[in-house]
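Student: Have a look at this one before I ask anything.
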Amino acid sequence: MNIDNDIAVFVAAIGAKEPSPSSENYAKWKAIFKRSNYFILNKKFTIVKISRSKKPFWGVGKDFVDLFNSLDDYYLVLLISSSEGWVFTKSEVNAHIGSKRWKFREADNNYKINYPLPDGNSFFSPRGCLKRLGLSGSSATT
């Protein structure tokens, strides 16, 4: 799987990793996720998306949200560069979907996430992202 360079820089900076090839779930993970936007951080799945538009927007597949909602918790990171963006927990993702701030588009089965996003979820460095999640760079585990 190819990974966007800015995503690779960000993921390395926060210490997130792809599941280990020796993991029993690795083959399933590779079959489900065709793009390199899915990682493990602090033993939780982490979805990382990047927008290249002047007015940022992102799409997140409903099937993936449903899958991750069946897990204990996960993070969604929406980047505008290799160091800046917004981060959301499972409960925050579901609150935005439930309130219809993130609208569902049936035609492509995606939730559409448009700028502006809440300041309380923004960060300006990988360290800031970890801080928003209550993690320090040294205590985050993969």
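Student: What does the convex hull of the Cα atoms come to per residue for segment 5-132, in Å³?
Tutor: Spread over its residues, the Cα hull of segment 5-132 gives 113 Å³ apiece.
Student: Using only C-alpha positions, report the orientation-averaged shadow area of the convex hull of segment 82-123, nm², one decimal.
Tutor: Spelled out: convex hull of the Cα atoms, projected over all directions, averaged, 3.6 nm².
Student: In addition: Of Lys17/Lys100; Lys43/Lys103; Lys17/Lys131, which ones are farther than 27 Å apart at the Cα?
Tutor: Correct reply: Lys17/Lys100; Lys43/Lys103.
Student: Now for a separate question. What ranking do Tyr74, Tyr115 get, fewest neighbouring Cβ atoms within 10 angstrom at the top?
Tutor: The most exposed by this proxy come first: Tyr115, Tyr74.
Student: Listing Ser91, Ser82 from the residue with the fewest other Cβ atoms within 10 Å to the one with the most, what is the order?
Tutor: Ser91, Ser82
Each value in this text was obtained by applying a stated rule to the coordinates, not by laboratory testing. Being a predicted model, the structure only gives us computed values, none of them experimental. When we count neighbours, we look across all protein chains shown, and the Cβ atoms used for this are built from the backbone with ideal geometry, even at glycine.
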